[in-house]
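**Q** One structure coming up, written as structure tokens, with questions to follow.
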Protein chains: 2
Amino acid sequence: MLFGKKLTWNPDGQHIYVTGGSTGLGLSLAILLVKSGAHVSIVARNQNKLDDALKELENHRQHPNQKLAAHSFSLDTAEESAAALEAVCKPHDGRAPDAVFACAGSSKPKFFVEMSAEEMQNGMTNGYWVQAWTAMAAAKKMVRDRTKGKIILVSSTLGYMSFVGYASYSPAKHALRGLADTLQSELMLYDIDVHIFFPPTMYTPGYEEETKTKPKITRDIESTDDGVTAEAAAVALFEGVAPRHNIFLDPLYDMAAYIIAPIWKRSVDKRVREHRAEHREYLSEAGFFS
Amino acid sequence: MLFGKKLTWNPDGQHIYVTGGSTGLGLSLAILLVKSGAHVSIVARNQNKLDDALKELENHRQHPNQKLAAHSFSLDTAEESAAALEAVCKPHDGRAPDAVFACAGSSKPKFFVEMSAEEMQNGMTNGYWVQAWTAMAAAKKMVRDRTKGKIILVSSTLGYMSFVGYASYSPAKHALRGLADTLQSELMLYDIDVHIFFPPTMYTPGYEEETKTKPKITRDIESTDDGVTAEAAAVALFEGVAPRHNIFLDPLYDMAAYIIAPIWKRSVDKRVREHRAEHREYLSEAGFFS
């Protein structure tokens, strides 16, 4: 922190809602929140994973009256996301949560010319809508309840820049940035804080899943990246949620992204161009031209 | 241009496809292209506007064998966008266009908490998919035809930053940036150039339309902006399509956006905060709390 004393956020006794809370970043964050004494509700789709996650959260309980809950919902649509939020609020007298962390999301990298329309749309659903609908439900509820809460979205470094393979995912992660930027401005009308997090590659179950469809050239380019654990990313996310958006630091991060990214991009461009012949062979064998 | 001689693009004799070509930026660009001797195909929804636009294009014809055409299609889905592209290519022996300018798009500003799920989705359709589907159809066709063409997307300054009122539009314009960034990298595999344009406020029929739903605070904030005419924006867009993406200039534009934008944002934040009481009254009268 550059200026003055460090501002910290203390969620002790608050009710925090974490989507995608059964695994990866969401679970790691939920554990940190439970350790801080917060009431924590997680939502994800898979009931078995939710059961395991809830057991894990119970292991970190700080006091007996902490409310810990797990609910199974899909968050793909506005209706489902609003229903999930209602279920989450019910044990808390129906009041809006003090903070909502939208950690849900997944990616399926693939070559653009091999993608179906459905795969492109799924990219937007699983990378953007799954968080945007939660933000919408939460914002409406916080405004109605006059809760001066926090809404935190999770983008990616692919919300800043992109390269071969991420035509369905990077637009979604950029869209989250546009949404966060709008809401940071608009929800000031109601004293609601909006944050967005741009984690690098995280070694999570989701990462292993996306590797299955990832083109070779994309894997090669990423092979020199340093990823982080979900635990380390969760600490960074937790510490980033200070009472106020830091106007001094944000431009610095932006500048770094915009000075370093173009240099990085030149080396990536070179590797893509060198891959042309091999790729043409790949497409031929895959039957793209026939 | 900072380095060496100016690189120019000469579309004379080429076939250029312009979506949203019946009005605003698309029409102004189509006129420039016709004046340059290109074969020009425009697509838009409204047949009357297309008829008028085609008459206008005919007025600028440079030689008798220039093929000028207008086709009525919706571009909201992958299927319709692919069908539009096929119709456009038919008079050209079914070959992919040499360049595709995706100028279609519209915006409907509104307060986030007053938006329906459908309005949020329409924002993504009319700001992102209407161009993404054309890019997808064009990329697949260019790769199959081995056409070393150009794909040009049109974002907005709201693809860089955002503020109150643009929760459905800014995410879409950010998403276009993520798509362009991915495709610039990925379509190098096929020697296809990808560009993206970030115009400021343009005084077009679309601008007049969006004013109808625009919140007062959004109009107030924009009142100090200097907009440009569609003609001026079209010239900038046309001149920006040099044979190569300029790696020296792009970071400069980025830096400008990221140094100037945070300063601008502080003054906007102040105005939004000052608007709180008036906005609460507005929401009450609109029945939001009842």
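The values are calculated or read from the model by the stated rules, or taken from the named source; none is laboratory data. Small disclaimer: the values here were computed from a predicted structure and weren't measured. All Cβ positions, glycine included, derive from the backbone under ideal geometry; neighbour counts span all protein chains shown. We work out accessible area using only protein heavy atoms, side chains counted, and drop any ligands, DNA or RNA first. Shrake-Rupley method; radii C 1.70, N 1.55, O 1.52, S 1.80 Å.
**Q** Going by what's in this entry, would residue B:116 be described as surrounded by fewer than 19 Cβ atoms within 10 Å (Cβ to Cβ), within 29 Å of residue A:171 (Cα to Cα) and hydroxyl-bearing (Ser, Thr, Tyr)?
**A** Yes; evaluated as a whole, the condition is true for this residue.
Each row is one residue, and each column tells you yes or no for (1) modelled with pLDDT under 90; (2) under 30 Å from residue A:281 (Cβ atoms).
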| site | (1), (2) |
| --- | --- |
| B:178 | no, yes |
| B:181 | no, yes |
| B:185 | no, yes |
| B:189 | no, yes |
| B:194 | no, yes |
| B:231 | no, no |
| B:258 | yes, no |
| B:262 | yes, no |
| B:269 | yes, no |
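**Q** Taking the residues in segment B:98-137 that are assigned to a helix (DSSP H, G or I) and away from every other protein chain (no Cβ under 11 Å) as candidates, determine which candidate is nearest to residue A:141 (Cα to Cα).
**A** Applying the filter and picking the extreme gives B:122.
**Q** Only one of (1) at pLDDT below 95; (2) open to solvent by 50 Å² or more (accessible area, probe 1.4 Å) fails for residue B:47. Which number is that?
**A** The single condition residue B:47 does not satisfy is (1).
Residue by residue, here is whether (1) open to solvent by less than 30 Å² (accessible area, probe 1.4 Å); (2) under 19 Å from residue A:129 (Cβ atoms) holds:
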| residue | (1), (2) |
| --- | --- |
| A:25 | yes, yes |
| A:41 | yes, no |
| A:54 | no, no |
| A:97 | yes, no |
| A:103 | yes, yes |
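**Q** Under 9 Å between Cβ atoms, at least 6 apart or on separate chains: pull out the pairs that start in segment B:192-214 with a residue that is charged (D, E, K, R) and end on any residue that is surrounded by fewer than 15 Cβ atoms within 10 Å (Cβ to Cβ).
**A** Pairs found: B:193/B:148; B:193/B:243; B:193/B:244.
**Q** Moving on to the next point. Given the structure, is residue B:30 assigned to a helix (DSSP H, G or I) and within 20 Å of residue B:193 (Cα to Cα)?
**A** So residue B:30 passes the test.
**Q** Another one. Considering B:201, B:218, B:213, B:182, which residue is among the hydroxyl-bearing types (Ser, Thr, Tyr) and open to solvent by 40 Å² or more (accessible area, probe 1.4 Å)?
**A** The conditions single out B:213.
**Q** Do we find that residue A:172 is small (Gly, Ala, Ser), surrounded by 24 or more Cβ atoms within 10 Å (Cβ to Cβ) and more than 10 Å from chain B (Cβ to nearest Cβ) in this structure?
**A** Answer is no for this residue.
**Q** Inside segment A:151-225, counting only helices (runs of 4 or more DSSP H) that do not spill past its ends, which hold 1 or more residues that are at positive phi?
**A** none
**Q** Shifting gears a bit: Let me spell it out: the conditions are (1) within 8 Å of chain B (Cβ to nearest Cβ); (2) surrounded by fewer than 24 Cβ atoms within 10 Å (Cβ to Cβ); (3) within 28 Å of residue A:112 (Cα to Cα), and residue A:140 meets all of them except one. Which number is the exception?
**A** Looking at each condition in turn, residue A:140 falls short on (3).
**Q** OK, next. Within segment B:62-84, which residues are touching a strand residue (DSSP E or B) at 6+ places or on another chain (Cβ under 7 Å) and either assigned to a helix (DSSP H, G or I) or exposed (fewer than 15 other Cβ atoms within 10 Å of the Cβ) (or both)?
**A** The answer is B:67, B:84.
**Q** In segment A:160-169, how many are at the interface with another protein chain (Cβ under 7 Å from one of its Cβ atoms) and either within 15 Å of residue A:125 (Cα to Cα) or of a type in the set (Ser, Thr, Tyr) (or both)?
**A** Final tally of qualifying residues: 3.
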